[in-house]
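Everything on this sheet refers to the single structure shown next.
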Amino acid sequence: MARPKILVIGSSNTDMIIQIERIPQPGETILGGEFTTASGGKGANQAVAAARAGGDVTFVTRVGRDMFGEKAVAGFVEAGINVQYVTRDPAAPSGVALIFVARDGENSIAVAGGANSRLSPAEVRRAKRAIAGASAVLMQLETPLETVQAAAELAVGAKVRFILNPAPARVLPEKLLKLVAILTPNETEAEQLTGIAVTDEATASRAAEQLRARGVGTVILTMGAGGAFVATASTRKLVRGYRVKAVDTTAAGDVFNGALTVALSEGRSLLEAVRFANAAAAISVTRLGAQPSAPDRKQIELLLAKSQAGSPRRSRP
Ligand code: RIB
């Protein structure tokens, strides 16, 4: 099967990670952590995850002219990603994220966006032909909103599916929501967008319906280990996740989005694609770091096959 062409637009960061017993409180110092660095950034994580899952990925991003930027781009090339639309910012540094990862796998992240904050609509327009030639355009919210809007308009104008992962959480203009074919918030992001606290299937359904009423085509609301709630005009269904031992949940959502976009672009049904994405995300939380945690296609398919064979790794029937 030919690999589907996927265009990812968004951020690239270097993650400075401290693994620590628990996340420190404000004003508190905790000793005993272990430090490591890894390539990250929601956009870059999604691009790498999509490439490993089987996509023919082009990535539009902006990095600084510094060591971090060069290392990030080298990683994209190694993952087989087309870097033709990567801009090197003459003034701003590459994005950096400071991440605490607690023993239970939960995290806390602060980002200095640097060059990501200067990714402009003009850079998106430069990739117009790549947008028109893609099966899907995938974005997140670590770059300016006007850039997200420009990409959505170009994608919709070219009849290309625009998938938006609204992370990190922020309020979005109605004119953007109307252009989104598939929106993939987690519980926090869904609450920020709708005002509905998502705690279970019923509240997920209410939040998803509100977003659909505002113009979003399909909502896939990710609920961590609980799986993902899918809402379309004709379907409302929770697709269960996998029970795994979490080491680091950083980028689980990014891996989900990258894998989902590939599976949909290959023509899998929505529910099949969500199962594929759930499997990819489950594997990612068993590994430390953002991009290092993204599984390859064989690994995803192995977990799917095991769960279909009734493996005990499947969380719930
Ligand atoms: O979603 C995880 C990512 O968020 C990290 O890689 C970090 O860089 C921040 O962008």
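The values are calculated or read from the model by the stated rules, or taken from the named source; none is laboratory data. Just so it is clear, the structure is predicted and the values come from calculations on it, not from any experiment. Using ideal geometry, Cβ is built from the backbone for each residue, glycine included, and neighbour counts are taken over all protein chains shown.
Please enumerate the residues belonging to segment 162-176 that are more than 16 Å from the ligand (Cβ to nearest atom), assigned to a loop (DSSP other than H, G, I, E, B) and more than 15 Å from A213 (Cα to Cα).
Within segment 162-176, V171 is the sole residue that qualifies.
Do the conditions hold for F76, that is, is it in a strand (DSSP E or B) and either crowded, with 18+ Cβ neighbours inside 10 Å or more than 16 Å from the ligand (Cβ to nearest atom) (or both)?
no
Quick check: anything in segment 243-264 among the acidic types (D, E) and in contact with a strand residue (DSSP E or B) (Cβ under 9 Å, 6 or more places away or on another chain)? Please lay out each step first, then the result.
Of all residues in segment 243-264, those among the acidic types (D, E) come to 248, 254.
Still in the running and in contact with a strand residue (DSSP E or B) (Cβ under 9 Å, 6 or more places away or on another chain): 248, 254.
For segment 243-264, residues among the acidic types (D, E) and in contact with a strand residue (DSSP E or B) (Cβ under 9 Å, 6 or more places away or on another chain): present.
Kindly indicate which of A309, A294, A305 is closer than 13 Å to G253 by Cα and either at pLDDT 95 or above or more than 16 Å from the ligand (Cβ to nearest atom) (or both).
A294
Only one of these conditions is not met by K71: (1) among the basic types (K, R); (2) over 20 Å from the mean Cα position of the chain (by Cα); (3) in a strand (DSSP E or B). Which number is it?
(3)
Checking T14 against (1) within 14 Å of the ligand (Cβ to nearest atom); (2) in contact (Cβ under 8 Å) with a residue 60 or more places away in the chain; (3) in a helix (DSSP H, G or I), which single condition isn't satisfied?
Condition not satisfied by T14: (3).
Residues in segment 89-103: is at least one more than 16 Å from the ligand (Cβ to nearest atom), surrounded by fewer than 24 Cβ atoms within 10 Å (Cβ to Cβ) and assigned to a strand (DSSP E or B)?
Looking for residues that are more than 16 Å from the ligand (Cβ to nearest atom), surrounded by fewer than 24 Cβ atoms within 10 Å (Cβ to Cβ) and assigned to a strand (DSSP E or B), one finds at least one in segment 89-103, hence yes.
Report, by residue number, each residue of segment 112-151 that is away from the ligand (no atom under 13 Å from the Cβ) and surrounded by fewer than 17 Cβ atoms within 10 Å (Cβ to Cβ).
S120, P121, A122, R125, R126, K128, R129, A132, G133, P144, L145, E146 - these are the residues of segment 112-151 that are away from the ligand (no atom under 13 Å from the Cβ) and surrounded by fewer than 17 Cβ atoms within 10 Å (Cβ to Cβ).
The rows are residues; the columns are (1) among the acidic types (D, E); (2) under 19 Å from I99 (Cβ atoms); (3) within 11 Å of the ligand (Cβ to nearest atom); (4) buried (at least 24 other Cβ atoms within 10 Å of the Cβ).
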site	(1), (2), (3), (4)
F35	no, yes, no, no
A38	no, yes, yes, no
N45	no, yes, yes, yes
A51	no, no, no, yes
G55	no, no, no, yes
R62	no, no, no, yes
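Applying the selection to segment 134-166, what residues are touching a strand residue (DSSP E or B) at 6+ places or on another chain (Cβ under 6 Å) and closer than 19 Å to A259 by Cα?
A134, S135, A136, V137, L138, M139, V160, R161, F162, I163, L164
Just the residues that are farther than 14 Å from F256 by Cβ and surrounded by fewer than 20 Cβ atoms within 10 Å (Cβ to Cβ), please, taken from segment 221-239.
Narrowing segment 221-239 to residues farther than 14 Å from F256 by Cβ: 231-238.
Those that are farther than 14 Å from F256 by Cβ and surrounded by fewer than 20 Cβ atoms within 10 Å (Cβ to Cβ): T232, A233, S234, T235, R236, K237, L238.
I'd like the full set of residues that are among the hydroxyl-bearing types (S, T, Y) and in contact (Cβ under 8 Å) with a residue 24 or more places away in the chain, limited to segment 175-199.
Our first condition is that a residue be among the hydroxyl-bearing types (S, T, Y); within segment 175-199, this holds for 184, 188, 194, 199.
T184 - this is the single residue of segment 175-199 that is among the hydroxyl-bearing types (S, T, Y) and in contact (Cβ under 8 Å) with a residue 24 or more places away in the chain.
To keep it simple, each residue is scored yes or no on (1) of a type in the set (V, I, T); (2) part of a loop (DSSP other than H, G, I, E, B); (3) surrounded by 23 or more Cβ atoms within 10 Å (Cβ to Cβ).
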position: G215; (1), (2), (3): no, yes, no
position: V219; (1), (2), (3): yes, no, yes
position: V244; (1), (2), (3): yes, yes, no
position: V255; (1), (2), (3): yes, no, yes
position: A259; (1), (2), (3): no, no, yes
position: A263; (1), (2), (3): no, no, yes
position: G267; (1), (2), (3): no, yes, no
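For a quick check of your reading of the model, give me the residue pairs whose first member lies in segment 156-170 and is within 20 Å of S265 (Cα to Cα) and aliphatic (A, V, I, L, M), whose second is within 16 Å of the ligand (Cβ to nearest atom) and in a helix (DSSP H, G or I), with beta-carbon atoms closer than 8 Å and at least 6 apart or on different chains.
I163/N257; I163/L260; I163/T261; L164/V148
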